[in-house]
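The values are calculated or read from the model by the stated rules, or taken from the named source; none is laboratory data. Keep in mind it's a predicted model, so treat the numbers as computed, not measured. Note that we place each Cβ from the backbone using ideal geometry, even for glycine, and neighbour counts take in every protein chain shown. Remember, those area values only see protein heavy atoms, side chains included, never the ligands or the DNA or RNA. Shrake-Rupley method; radii C 1.70, N 1.55, O 1.52, S 1.80 Å.
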Amino acid sequence: MKLFYREIGEGDPIVILHGVFGSSDNLLGPAKLLADEYKVYLLDQRNHGSSPHSEEFNYSAMASDLMEFLDEESIHKPLIIGHSMGGKTVMNFAATYPEFDARYVVMDISPRFYKRHHDEILEGLNNIDLESISSRQEADKILEEKVPELPVRQFLLKNLDRTDNGFKWRINLPVITDKIDNVGEGLDEKIEIDKPFLFIRGDQSNYIRERDEELIRKQFTDSRIVTIHGAGHWLHAEKPKEFAATIKEYIKAF
């Protein structure tokens, strides 16, 4: 699948993948802090943003999409960064294409299985009848019944586009709803990867716990784990300067 992407800056390549319900837009701010030294590519994964929709929605397909993009753009020796679902894509990519020369960063996700925890979000989004609403405010009010946190609703409603006839979702909501369990899928524990990996976690997030560290180091034999203090799951948005500095330090360590 040919993915939509944005590019900013000049220099050695960095490729960034967003998480579920996200898009390249969400990472543009932090990416600008890297673009002063590097060329940054921000991708929309399948069924998100401006990339095509598909009934196939799993990490095998998303890893293949990433490989197709890298081939199409003739990108060599990149640093590939993935947040949450994007981090799972990165892990699966490294496992599927071990011969590809790259370094990797995984943002606030581990290789373990995560049980589904987006049901309230999905119910809220599916409760919005696009044919009956006349404003984003109406959509927000409906979503608030299931998602009380304003910042989360603002993030989710970035996926709502106005058209000549009303509104439409940028995300493939029916497929994501049907296949949300695939997002939490764990990496096969028999897999060991010797490529350079940096795992970044927020100290206020529970996505990477202390018990996950042993699994990370077992499966990613050349890995480091860095904690950004004062940050939750959205560490790149909450602490963008610290995030960018951590990435630059990691690149320059090689």
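What FRET efficiency would be calculated for the residue pair Glu56, Asp25, taking the C-beta separation as r and a Förster radius of 22 Å, to the nearest 0.05? Rounded to the nearest 0.05, the efficiency is 0.40.
Rolled with a 1.4 Å probe across the full set of protein chains, the surface gives Glu138 an accessible area near 70 Å². Taken as Cα centroids, region 47-106 and region 171-227 sit 14 Å apart, rounded to the nearest whole angstrom.
Each of Phe155, Phe254 has its accessible area taken with a 1.4 Å probe; listed largest first, they run Phe254, Phe155. The mean sequence separation of alpha-carbon pairs under 8 Å and at least six residues apart, normalised by the residue count of the chain, gives a relative contact order of 20 percent. A 1.4 Å probe run over the chain, with the rest of the protein chains in place, finds 47 Å² accessible per residue. Close amide-amide hydrogen proximity is noted between Ile80 and Val15, Arg103, Tyr104, Val105, each under 5 Å apart and 5 or more residues distant or on a separate chain (H modeled in the peptide plane; Pro and chain starts excluded).
Under a 10 Å cutoff between Cα atoms, tell me which one of Asp119, Asp181, Asp203 has the largest fluctuation in the Gaussian network model of the chain. Among Asp119, Asp181, Asp203, the largest GNM mean-square fluctuation belongs to Asp119. In order along region 31-36, phi translates into HN-Hα couplings of 5, 5, 6, 9, 6, 6 Hz, rounded to whole numbers, per the Karplus curve 6.51 cos²θ - 1.76 cosθ + 1.60 with θ = phi - 60° and x for Gly and Pro. Remark: for residue pairs Lys218/Lys252; Lys141/Lys168; Lys88/Lys195; Lys32/Lys248; Lys88/Lys146; Lys88/Lys241, the C-alpha separation exceeds 19 Å in Lys218/Lys252; Lys88/Lys146; Lys88/Lys241. Among rounded, prolate and oblate, which fits region 1-60 when a ≥ b ≥ c are the square roots of the eigenvalues of its C-alpha gyration tensor, a/c under 1.5 means rounded, and a/b larger than b/c means prolate? Taking the square roots of the gyration eigenvalues as a ≥ b ≥ c, region 1-60 is prolate. Under Stokes-Einstein, with the Kirkwood radius over Cα pairs as Rh, the value for region 15-119 at 10 °C and 1.306 mPa s is 113 µm²/s. By DSSP, the beta bridges lying fully in the chain are antiparallel in about 25 percent of cases.
Helix 210-219 and the long axis of the chain differ in direction by around 60°, with both axes built from C-alpha atoms.
Here His229 and Glu120 are evaluated by their C-beta separation; at R0 = 25 Å the FRET efficiency comes out at 0.30. Solvent-accessible surface (1.4 Å probe) assigned to Asp140 amounts to roughly 40 Å². 3J(HN,Hα) couplings calculated from phi for region 243-252 with the Karplus curve 6.51 cos²θ - 1.76 cosθ + 1.60 (θ = phi - 60°) are, in sequence order, 4, 4, 5, 5, 5, 5, 5, 5, 5, 6 Hz; Gly and Pro show x.
Calculated from the structure, semi-axes √(5λ) of the Cα gyration tensor in Å equals which of (i) 41, 17, 16; (ii) 29, 20, 18; (iii) 43, 23, 13? So the calculated entry is the one marked (ii). Karplus-derived 3J(HN,Hα) values for region 154-159, using 6.51 cos²θ - 1.76 cosθ + 1.60 with θ = phi - 60°, are 4, 4, 5, 7, 5, 7 Hz; glycine and proline are entered as x. Overall, the accessible surface of the chain at a probe of 1.4 angstrom is composed of carbon and sulfur to the extent of 46 percent. For the chain, a crude dipole built from +1 on the beta carbon of Lys and Arg and -1 on the beta carbon of Asp and Glu, taken about the Cα centre, is about 500 debye to the nearest 20.
Ordered by solvent-accessible area of protein heavy atoms (1.4 Å probe), largest first, the residues Lys39, Lys158 come out as Lys158, Lys39.
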